[in-house]
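Right, one structure below, let's go through it.
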């Protein structure tokens, strides 16, 4: 599998799909890695040049101690696209991946056809979200089959998938998971002033049972991103792409059909 060097890190990435098709990047969250998109890659790879990667310090990507910082995320993605010979892209992000996608769109607006922020504010934080983060529990019961990143009843509706979700995340043994927890607010938060003049077509997907970035709080974030539309999905938690892949893929498909060919 290919890797590329970027700012004291080695980034693992994978590319599949027709070479001349529009490029589509998936950026995973803190509970995932490139493998978590197993329900999306086969769905989109017949029509798009699909790119998945492990964020620095996650999965098969490594970074030097102390170098797991949001400031490098957009550059890491740029390095992956450069190595893959890809110019313009559409980007689909989940949770932590939103910090990558939105910053890349701000740094390289001419290269981003459209952006999907799934269960993520992308760094556009509100006081309510910060307060909510302080009060979230660090552990939950039935950890082998449950996850705070899934709907509360997901592990009872589909225990095998709940177990698989945690198994995928268990491969994240590098700097990333620890680094994210300890990162300073100043590093993670996006200055709202950077959104002035923002023109990238953007859609925010929310989950009705998202316990990490609650739906109502993301509804308060969306208007701060110029032109951002919102798609609410029922009966899913923080990982809509995993919990209800058909509904997630359908929503992304519809959005891409309007913007991915720009």
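Only the coordinates and a few stated rules stand behind these numbers; no lab work does. Quick caveat: nothing in here was measured; it's all calculated off a predicted structure. Ideal geometry is used to build each Cβ from the backbone, glycine not excepted, and the neighbour counts take in all protein chains shown.
The table that follows gives values for the structure above.
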read-out: In nm, spacing of pseudo-spin labels at residue 88 and residue 229 (7 Å Cα→C-beta vector); value: 1.9 nm
read-out: Rounded to 5, percent antiparallel among DSSP beta bridges of the chain; value: 25 percent
read-out: Relative packing of peptides 223-234, 120-131 - highest average C-beta neighbours within 10 Å first; value: 120-131, 223-234
read-out: Mean Cα-pair separation over length for the stretch 3-259, i.e. relative contact order, pairs under 8 Å, 6 or more apart, %; value: 21 percent
read-out: Length-normalised contact order for the stretch 94-203 - Cα pairs under 8 Å, 6+ apart - percent; value: 36 percent
read-out: For the chain, calculated [θ]222 nm from helices alone, where every DSSP H run of n ≥ 4 adds -39500 (n - 2.57); value: -9000 deg cm²/dmol
read-out: Stretchable slack from residue 188 to residue 78, in nm (0.36 nm times residue separation minus alpha-carbon distance); value: 37.7 nm
read-out: Extended-chain gain in nm, criterion 0.36 nm per residue less alpha-carbon gap, residue 128 and residue 257; value: 43.1 nm
read-out: Virtual spin-label span in nm between residue 157 and residue 110, 7 Å along Cα→Cβ; value: 4.5 nm
read-out: Anisotropy class of the stretch 149-262 from Cα gyration tensor, a/c 1.5 cut; value: oblate
read-out: Theoretical FRET efficiency, 1/(1+(r/R0)^6), r = Cβ-Cβ of residue 249 and residue 64, R0 41 Å, to 0.05; value: 0.70
read-out: For the stretch 183-262 versus the stretch 75-111, the gap between their alpha-carbon centres in whole angstrom; value: 15 Å
read-out: Most mobile listed residue (64, 222, 184) in the chain, GNM with C-alpha springs under 10 Å; value: 184
read-out: Average Cα contact separation per residue, the stretch 38-107, under 8 Å, 6 or more apart, as relative contact order %; value: 25 percent
read-out: The chain: most fluctuating residue of 149, 23, 160 per GNM, C-alpha cutoff 10 Å; value: 160
read-out: Taking N as its residue count, the alpha carbon Rg of the chain over 2.2 N^0.38 Å; value: 0.92
